[in-house]
Amino acid sequence: MYVTSAHDTEIRLTLEAALDFVNALADGEVNTRSSLHHHGFSRAANTSEASIHRIEQRLAELTPRLRSLPGADPAPTVDWINSELAQLNIVPSLTTHDDAPLHIHWTPASASFDDQVMADVLMALAQEVCDHGTERFGVCAATDCEDLFYDSTRNGSRRFCPDPRCASRTHTADHRARKRHN
């Protein structure tokens, strides 16, 4: 697998959380609190509904940009990320909490949870664009799915979103088409 360190894992989980939100928003099935908690945002379980609502609003505002990442030219993406980062109060610090290993918080301890989430998403995105441009972002190859995914495979070969049905349907259809032509 492509992931090689705890930092890489944190980037992957943060980007997957953002893309899960975008995909769920398109499907009309958003459960932001659950998704954030699943992706390692420990404060999600106890944060206020108002904070969850602000996260949803802010991620919804980023959705068109996140949807444009697959195949995007890195230069305008860099400009957009820098513009978004300039709006946040980023004060990096090292911390441990909730049995998590040592990690970086991008916002001060007094920051709201939604500011923390947005800083984490944007910093993960910034690191990914520095490391790989936008090539690790993709749209599901299944004909009936437009979900986004983040490809953390070593060789960048992922083709499908996390829903296993998409790959299965496509592989089954390909197999049947090959059998018809043989």
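Since every read-out is calculated from the coordinates, none of them should be taken as a lab result. What you are looking at is a predicted structure, and each value in this text was computed from that prediction instead of being measured. Every residue, glycine among them, receives a Cβ derived from its backbone with ideal geometry; neighbour counts consider all protein chains shown.
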Inset, instruction - Mind counting the residues in the stretch 56-86 that are among the aliphatic types (A, V, I, L, M) and under 21 Å from residue 149 (Cβ atoms)? - result: 7
Inset, instruction - With the checklist (1) within 23 Å of residue 112 (Cα to Cα); (2) in contact (Cβ under 8 Å) with a residue 24 or more places away in the chain; (3) not charged (D, E, K, R) in hand, flag the one item residue 50 doesn't pass. - result: (2)
Inset, instruction - Identify all residues within the stretch 131-160 that are among the charged types (D, E, K, R) and within 25 Å of residue 79 (Cα to Cα); write none if there are none. - result: 131, 135, 136, 147, 151
Inset, instruction - Report yes if residue 98 is loosely packed, with under 10 Cβ neighbours inside 10 Å and within 25 Å of residue 49 (Cα to Cα), otherwise no. - result: yes
Inset, instruction - Determine whether residue 154 is of a type in the set (Lys, Arg), over 16 Å from the mean Cα position of the chain (by Cα) and either crowded, with 18+ Cβ neighbours inside 10 Å or over 24 Å from residue 83 (Cβ atoms) (or both). - result: yes
